[in-house]
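Working notes, beginning with the structure itself.
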């Protein structure tokens, strides 16, 4: 009891933290805790327990400045009223579909100062052929040709406009015109409106995060956003931007006009919106299965770049060449993946005497280096292209010389003279060693698809209820929407350069409705329950019982058990109540006038039953009330039965068993 009482009080105080001040709980005996909890409960009940006290002590202080908020003990008071400027329609997006499925007309209307009147209207000057989560795509109407993507933006005042961007700057795009299907907008009107509206709201909030959207509604061709400007929140005394309540007032004064129109509009909106409860219950046959459960899963495509900065091609060997005096070398770049290592012998005049005394032989390709070709998943960059010749030997030549060239630093297709010429007259045929080393960095793209929905896909008891692919709704209420995401791209950064990878989709989110297994065997639970209940014995401080336990071999054995009982208060067999009679002034009016004028007395009476206080000893008599029966354990079942029997008989015609009416 001590734990229960103190916990109750702490819980109440925690729930109202920052609003009221709770007294400390005395952690003494159980009686002390009970007394403290009872006192606190009585205090809270008195201060907030009725409609009038709740209105006076909570509702009024939070909504007006005419009343202060007080702590529970009344020791402190403060102003708690606050509000923020809001608008009946903060934002409206209107669309008008064309014959080609495009949206030739899209109008965005804004209430920037939240006074209930649109003061900024932006009309798109281009048709909308595809819709994205943050923009749209405009193409030649009815086609997917000459397309230009646009993104929603807003200025510092919150005014909405659009700006041209690249297709990779947009997210969750899908086609809506006839090049992708028929009647896509009309069939998925609410999806299109929500996509456009969400893009506009995102653009507004990116400029001013204090704009809070509080509600969203749709009509046949428009979506409406209700919002508040939180940063302008203030007390009502300084707030001049609150919206008018005239629209709400019509519901009280016009029972056939505004109310009926609004009700019909609400019905039409929910009947056409597959997200509404009405639509799901009314039209989704698969969703009528009471024995089903919903399971959400994802299919994710994950990509990455594997980078290698030390890939290389190298080799060594020995060759010979005809030369008369000088030897030149060069690395010829054919393309990004093909390189030729070349040598040429010349006369004393250098490159002006190529092939002198060697039959006019020109540049000779000693080796060809072929690097792997780049693909959409592989790219490379050459970081070193080194070609060496050394250890010259042969008659008429200087032995032991060497020469080298690096195409990266010296440049490709550039001739460099070797440092071991052959000065003897006439043609010479020296031999030499050679080597080359080509190093390059590579980026290789890899990806994997993680399908967390495979178990539901293969389960015949599961049906696909909903699916969104890259934020585009493709399945709704067990039916395909006809909308499909436009392939999108992601950019990955590697050691070579950024690599752009485009895929039909990246992420799928699905919801499956699966039939739950039925026919659970609860017989064992019934046997155990029966054994525990029938054998339970309340010993005051300990409750003993006999349980049934099943062994591994399937046999059952009796198992004794006990539960320690907490200290309990004594209680009576009933909650004592008293009956009082209250005098009322009868002011009812009938066809003959005021009822009190047709009676010998103007007063009427009503009998009330009240719970007795002070441990069931005191009847709480109010003004104009007299006690008929004092506090006791009352049982008025016979009286209630008689009243209901009288009402039942009064609603039936009195007839004889022969069928002849009485009192003809």
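The values are calculated or read from the model by the stated rules, or taken from the named source; none is laboratory data. From a predicted model like this one, the values you see are computed outputs, not experimental measurements. For neighbour counting, all protein chains shown are included, and Cβ atoms are generated from backbone atoms with ideal geometry for every residue, glycine included.
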**Prompt:** Within the group 461, 442, 511, which residue is under 30 Å from residue 367 (Cβ atoms) and either in contact with a strand residue (DSSP E or B) (Cβ under 7 Å, 6 or more places away or on another chain) or not assigned by TED's automatic domain parsing to the domain that holds residue 395 (or both)?
**Reply:** 442
**Request:** Hey, could you check region 459-471 for residues that are more than 30 Å from residue 494 (Cβ to Cβ) and buried (at least 18 other Cβ atoms within 10 Å of the Cβ) and say which is nearest to the chain's Cα centre (by Cα)?
**Result:** 468
**Request:** Please tell me if residue 350 is more than 21 Å from residue 412 (Cβ to Cβ), surrounded by 12 or more Cβ atoms within 10 Å (Cβ to Cβ) and in the same structural domain as residue 494 (by TED's automatic domain parsing).
**Result:** no
**Fill in**
Among residues of region 625-662 being assigned to a loop (DSSP other than H, G, I, E, B) and modelled with pLDDT of 80 or more, the residue surrounded by the most Cβ atoms within 10 Å (Cβ to Cβ) is 634
**Prompt:** Can you tell me which of 188, 215 is surrounded by 21 or more Cβ atoms within 10 Å (Cβ to Cβ), over 30 Å from residue 500 (Cα atoms), at pLDDT below 90 and out of contact with any helix residue (DSSP H, G or I) (no Cβ under 9 Å at 6 or more places or on another chain)?
**Reply:** 188
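This table checks each residue for (1) closer than 30 Å to residue 295 by Cα; (2) within 43 Å of the chain's Cα centre (by Cα); (3) surrounded by 12 or more Cβ atoms within 10 Å (Cβ to Cβ).
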position: 510; (1), (2), (3): yes, yes, yes
position: 515; (1), (2), (3): yes, yes, yes
position: 531; (1), (2), (3): no, no, yes
position: 535; (1), (2), (3): no, no, yes
position: 544; (1), (2), (3): no, no, yes
position: 547; (1), (2), (3): no, no, yes
position: 554; (1), (2), (3): no, no, no
position: 561; (1), (2), (3): no, no, yes
position: 564; (1), (2), (3): no, no, no
**Prompt:** Would you say residue 415 is under 20 Å from residue 352 (Cα atoms) and at pLDDT 85 or above?
**Reply:** yes
**Prompt:** Do we have residue 618 as surrounded by 13 or more Cβ atoms within 10 Å (Cβ to Cβ), closer than 28 Å to residue 639 by Cβ, under 58 Å from the mean Cα position of the chain (by Cα) and modelled with pLDDT of 90 or more here?
**Reply:** yes
**Prompt:** Name the residues in region 31-66 that are farther than 22 Å from residue 614 by Cβ, surrounded by 13 or more Cβ atoms within 10 Å (Cβ to Cβ), modelled with pLDDT under 70 and touching a helix residue (DSSP H, G or I) at 6+ places or on another chain (Cβ under 9 Å), would you?
**Reply:** 63, 64, 65
**Message:** Show me the strands (runs of 3 or more DSSP E) entirely contained within region 319-412 in which 3 or more residues are under 20 Å from residue 427 (Cα atoms).
**Reply:** 326-333, 338-347, 350-354, 364-370, 378-393
**Single unsatisfied condition, residue 456 versus (1) within 26 Å of the chain's Cα centre (by Cα); (2) in a strand (DSSP E or B); (3) over 26 Å from residue 304 (Cβ atoms)** = (2)
**Request:** Please tell me if residue 481 is under 23 Å from residue 199 (Cα atoms) and in contact with a helix residue (DSSP H, G or I) (Cβ under 7 Å, 6 or more places away or on another chain).
**Result:** yes
**Request:** Run down 491, 474, 444 and say which single residue is crowded, with 19+ Cβ neighbours inside 10 Å and either modelled with pLDDT under 90 or in a strand (DSSP E or B) (or both).
**Result:** 474
**Message:** Can you tell me which residue is nearest to residue 341 (Cα to Cα) among those in region 286-318 that are in a strand (DSSP E or B), at pLDDT below 85 and within 32 Å of the chain's Cα centre (by Cα)?
**Reply:** 293
**Request:** Confirm whether residue 144 is assigned to a loop (DSSP other than H, G, I, E, B) and either in contact with a strand residue (DSSP E or B) (Cβ under 9 Å, 6 or more places away or on another chain) or not assigned by TED's automatic domain parsing to the domain that holds residue 107 (or both).
**Result:** yes
